[in-house]
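These notes concern the structure reproduced below.
The values are calculated or read from the model by the stated rules, or taken from the named source; none is laboratory data. The model shown is predicted, which means the values in this text are computed figures rather than measured ones. Every residue, glycine as well, gets a Cβ built from its backbone with ideal geometry; the counts of neighbours run over all protein chains shown.
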Amino acid sequence: MEPLAYLTLVPLVGGILLLTIAGLGVLRMPDVFLRMQAASKASSLGAALVLAAVALHYHSVGDSSHAIAAIVLLFITIPVSTHLLARAAYLTGVPLWKGTVQDELAAAIRSGEYVPPVSEESPPPEQAPQGRRPPL
Amino acid sequence: MTHTPLPEPLLEALMVFVAAGALLPLARLVKGPSLADRAVAFDLIAMAVLALACLEAMRSGRGVFLDAAVVLAILTFVATVAIAQFLAPARSLAPTPGRSGPDGPRGGA
């Protein structure tokens, strides 16, 4: 047990703490979109730190490259999937948090700049906030 | 010597901690009011499982668990995209994406 091995504990414990904080944010945040930002940013950094710890842990290129490939993959896919999910949540009428200060997509939908593909039977969010379809 | 060993009880304690931390998004998965909430919680649980796979790779010294982590990352992405497409299909999937906006059978959401 050489002392250098404990160097991998730094990203490992940091990443695990970040993952736990992301879980706390998903549980406690008031809104889907706030939950989403808590989950996506903290969990991508947390998982990347854990994978970096594994990459430091192994001394062979063949195993470390898997971890590095997973880091790259996560940093590419998590923003995309979060963006898609946020768009889907907004278009299906998931209610925004009461303290939301800005909703630019509602203005774009109202002005016709953006035509949502599924929102014909549900009224635009700024006209009837109570009358929106219940979220699935 | 292909890896620097860490003490096994330490890694096992960290695994227990990760699994306990995955209970927080599990609660959101159970009670989340919308399907998007559940998708977010599922995403986060998958990240915790990925961390568990990494820890197991460190504990057992087998690089196969890293392959499992990579596959898990890909599958999570595909699952989230599928849920998002189910909720609100993209415009390119609409049957007539004309100038007047898509009109056709609405997505099941």
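Observations on the model:
- Tally of residues being in a helix (DSSP H, G or I), surrounded by 17 or more Cβ atoms within 10 Å (Cβ to Cβ) and either modelled with pLDDT under 90 or charged (D, E, K, R) (or both) across the stretch A:1-31: 1
- Whichever residue in the stretch B:44-89 is more than 7 Å from chain A (Cβ to nearest Cβ) and not in a helix (DSSP H, G or I) and, among such residues, is nearest to B:Pro9 (Cα to Cα): B:Gly61
- Residues in the stretch A:32-49 that are among the hydrophobic types (A, V, I, L, M, F, W, C) and free of Cβ contacts under 8 Å to residues at least 60 places away in the same chain: A:Met36, A:Ala38, A:Ala39, A:Ala42, A:Leu45, A:Ala47, A:Ala48, A:Leu49.
- Any hit, the stretch A:68-76, residues being more than 7 Å from chain B (Cβ to nearest Cβ), more than 21 Å from the chain's Cα centre (by Cα) and β-branched (Val, Ile, Thr): no
- Test: residue in the stretch A:90-97 that is at the interface with chain B (Cβ under 9 Å from one of its Cβ atoms) and touching a Leu at 6+ places or on another chain (Cβ under 7 Å): yes
- Residues of the stretch B:23-43 classified as in contact (Cβ under 8 Å) with a residue 24 or more places away in the chain, within 9 Å of another protein chain (Cβ to nearest Cβ) and under 12 Å from the mean Cα position of the chain (by Cα), total: 2
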